[in-house]
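> Before anything else, here's the structure in question.
Read the figures in this text as sums done on the coordinates, not as results from a lab. Given the structure is predicted, the values throughout are model-derived calculations rather than measurements. Note: ideal-geometry Cβ built from the backbone for every residue, glycine included; neighbour counts use all protein chains shown.
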Amino acid sequence: MGGMVVKSMAGIILVILIWLVVDSRGAKMERIDYSEDFTSAEDKQIVLAIASGDIPAIKRLAAAGGNLQAVGAYENTPMRTALKLGQIKAVEALLQLGVDPNFKTPGGTAAADIAVTFQRDPKFLKMLLDHGLDPNLSSEGVPLIFFATTEGLWRQYDMLLANGADINSRNEDGSSLLLDLVLLMQYDRARDLLLKGANYKPASTTGLSVLDLLVDYQRRLCIDPDLPDCRKRAELLRLLRERGATVPPGLPYM
């Protein structure tokens, strides 16, 4: 069971690790010259204006026909660069100039994933949502809300749910949002999803299900009935039983 748990979240963790290794390039993000990722002089000028927070220059370059959705190395775009650098005014300017917050590169990468990973201030995600970001958007096959859960960005998680993120979202490995919350031992949030009608039945491609995981955790980890997690798992199992799940008898403190 332990190996299955690791595999179910491996896709997201691998994506984030690749970003850390490749995109950090041995330096802090704010010290990287992202203009080097682009080939044309016009694209470089836009990115340099973003990095310096020069909003008039961004608008001038856009008016002159600059491509605000250019794609450079490492899947970088002007919006992705603005988010990485925490240039909130540049993010706002790009959105006002018509940059689509749902834009994906040919490789399937959405700039919005930065707002639920490295850019931990929720105001960036809010701005994207206010300008039409799809709360169910995926980046590299992973729905945005899964990035938020993996990173423990619970304000962003709540924001995505409040804006219509699917409570039955599935990751590319088949893992459900509910399953990921149980994996992370976020039992209160898992209970909230169940009460909202989340489907507990889907299993990941490794065969791991919410019921299997809760049963395994309760058997192995529930050594003291006074432990809060022990009581919370027991409540989740009772909720599953009420919804038709076959919960094995004899579980601790059930």
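> From the Cα gyration tensor of segment 134-203, with a ≥ b ≥ c the square roots of its eigenvalues, which class applies: rounded if a/c is under 1.5, or else prolate if a/b is larger than b/c, or else oblate?
Taking the square roots of the gyration eigenvalues as a ≥ b ≥ c, segment 134-203 is rounded.
> Under 5 Å between amide hydrogens, which residues at least 5 positions from SER139 or on another chain qualify, with H placed 1.01 Å from N in the peptide plane?
Under 5 Å from the amide H of SER139: LEU144.
> Based on a Kirkwood Rh over C-alpha pairs, give the Stokes-Einstein translational diffusion coefficient of segment 70-179 at 10 °C and viscosity 1.306 mPa s in µm²/s.
Rounded, D is 115 µm²/s.
> Just check segment 76-116 against the gyration tensor rule for me: Cα atoms, a ≥ b ≥ c as the square roots of the eigenvalues, rounded for a/c under 1.5, and otherwise prolate or oblate depending on whether a/b exceeds b/c.
It is oblate, given that a/c is not under 1.5 and a/b is not larger than b/c.
> How long are the three semi-axes of the equivalent ellipsoid for the chain, computed from the Cα gyration tensor as the root of 5 times each eigenvalue, in whole Å, largest first?
Values for the chain, descending: 42, 17, 14 Å.
> Just how large is the dipole of segment 90-180 about the Cα centre, in debye to the nearest 20, putting +1 at every Lys and Arg Cβ and -1 at every Asp and Glu Cβ?
My answer is approximately 180 debye.
> What full-extension length gain, to one decimal in nm, is calculated for ARG60 and ARG238 as 0.36 nm per residue of separation minus the Cα-Cα distance?
Length gained, ARG60 through ARG238: 58.0 nm.
> Okay, next question. Using only helices, what value at 222 nm comes out for the chain when you add -39,500 (n - 2.57) per DSSP H run of length 4 or more and divide by the total residues, to the nearest 500 deg cm²/dmol?
-15000 deg cm²/dmol
> Compute the separation of the alpha-carbon centres of segment 39-58 and segment 140-167 and state it in Å as a whole number.
So the two Cα centres are separated by 30 Å.
> What FRET efficiency would be calculated for the residue pair ARG120, ASP192, taking the C-beta separation as r and a Förster radius of 30 Å, to the nearest 0.05?
Between ARG120 and ASP192 the formula returns 0.85.
> What FRET efficiency would be calculated for the residue pair ARG31, LEU221, taking the C-beta separation as r and a Förster radius of 30 Å, to the nearest 0.05?
Efficiency, from the Cβ-Cβ distance: 0.10.
> Residue by residue through segment 68-76, which ³J(HN,Hα) values in whole Hz follow from phi under the Karplus form 6.51 cos²θ - 1.76 cosθ + 1.60 (θ = phi - 60°), with glycine and proline marked x?
So the Karplus estimates, Gly and Pro as x, are 7, 10, 4, 10, x, 5, 6, 6, 6 Hz.
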